[in-house]
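Have a look at the structure below, then the notes.
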Amino acid sequence: MSESTPEDPPITLYRLQACPFCERVVRTLEEHDLDYQSRFVEPLHSKRDAVKRLTGQRSVPAIVDETTGVTMSESENIVEYIETTYGTGA
Amino acid sequence: MDLGFDVVELDEPDYPEEGASAPEFVRPLVNDEYWEDVALSELTADGPVLLVFHSMDGAFPATYIWKELADRAFDEQYDVTIVGLSISTPYEHKTFIADRNLPYRLFSDPQNGVAEMYGVVNDLGGFAGVSESRPAVFLIDGDRTVRYAWAAREWPEFPDYDEIENALDRL
């Protein structure tokens, strides 16, 4: 089932349990009151193909924002994207 | 099963019967690559769901049930989404799915709350502080109405797969 249902929030966050970079993105999403769906992925980097198919690399965090069509990894970039797109200055 | 001695009998289960509404729940649903919180109603929105409660991953009843369900592949013949549920953690589910090439997704419910909601708890002897679900099968239609229900009354006991198929035929 790859089609998203209407109730699914537009933002999907690919994360790893207890990954500080992921938690940083979670914090930013919550600071901006954004609704998102968490997908917890394979801890072993070499097996993280679900993420690789999306972003071309296996690193998490990664987000997909269907509202803007953006797919992105690296917490620094994601935080900046969220702040620019959904922050008060946006 | 005729073993020539008594097998363990479980208490009479009190579960939602045919025609009852299947209790809604949200739990992590695990596939071979990731897991995410999913509501039962999100699955039934796409059509009927076969919800299979099974023993924790690694126990032989879980292996038997999933081998049979994978062999029968009801979802290739019928409009049905097949999902499992056990107390195993998402990590264990992911390993179980990978080891068996299981084409189905499994809900993870370590605190056994869904089995409690469905009246199919199995208190385990020799596992202090651990309870799981007894084997149980619910065929739930798109309106979240139970169309077929079965729960084990002995331990171990396995679903009647032909009965499940009959119920799928009647949908």
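The values are calculated or read from the model by the stated rules, or taken from the named source; none is laboratory data. These numbers come from a predicted model, not from an experiment. Please note: Cβ atoms are built from the backbone with ideal geometry, for glycine as well, and neighbour counts cover all protein chains shown. Remember, those area values only see protein heavy atoms, side chains included, never the ligands or the DNA or RNA. Shrake-Rupley method; radii C 1.70, N 1.55, O 1.52, S 1.80 Å.
Observations
- In segment A:27-43, the count of residues that are among the basic types (K, R), in a strand (DSSP E or B) and open to solvent by 20 Å² or more (accessible area, probe 1.4 Å) is one or more.
- Any hit, segment B:54-68, residues being in a loop (DSSP other than H, G, I, E, B) and farther than 20 Å from B:E154 by Cα: no
- If the condition is being buried (at least 22 other Cβ atoms within 10 Å of the Cβ) and in contact with a strand residue (DSSP E or B) (Cβ under 6 Å, 6 or more places away or on another chain), then segment B:38-48 contributes only B:L43.
- Listed conditions (1) open to solvent by 10 Å² or more (accessible area, probe 1.4 Å); (2) within 20 Å of B:V30 (Cβ to Cβ) are all met by B:A128, apart from (2).
- All positions within segment B:2-37 that are within 14 Å of chain A (Cβ to nearest Cβ) and either open to solvent by less than 70 Å² (accessible area, probe 1.4 Å) or not in a strand (DSSP E or B) (or both): B:E24, B:R27, B:P28, B:L29, B:V30, B:N31, B:D32, B:E33, B:Y34, B:W35, B:E36
- From the list A:D65, A:D49, A:D35, the lone residue that is among the acidic types (D, E), more than 13 Å from the chain's Cα centre (by Cα) and more than 11 Å from A:R15 (Cα to Cα) is A:D49.
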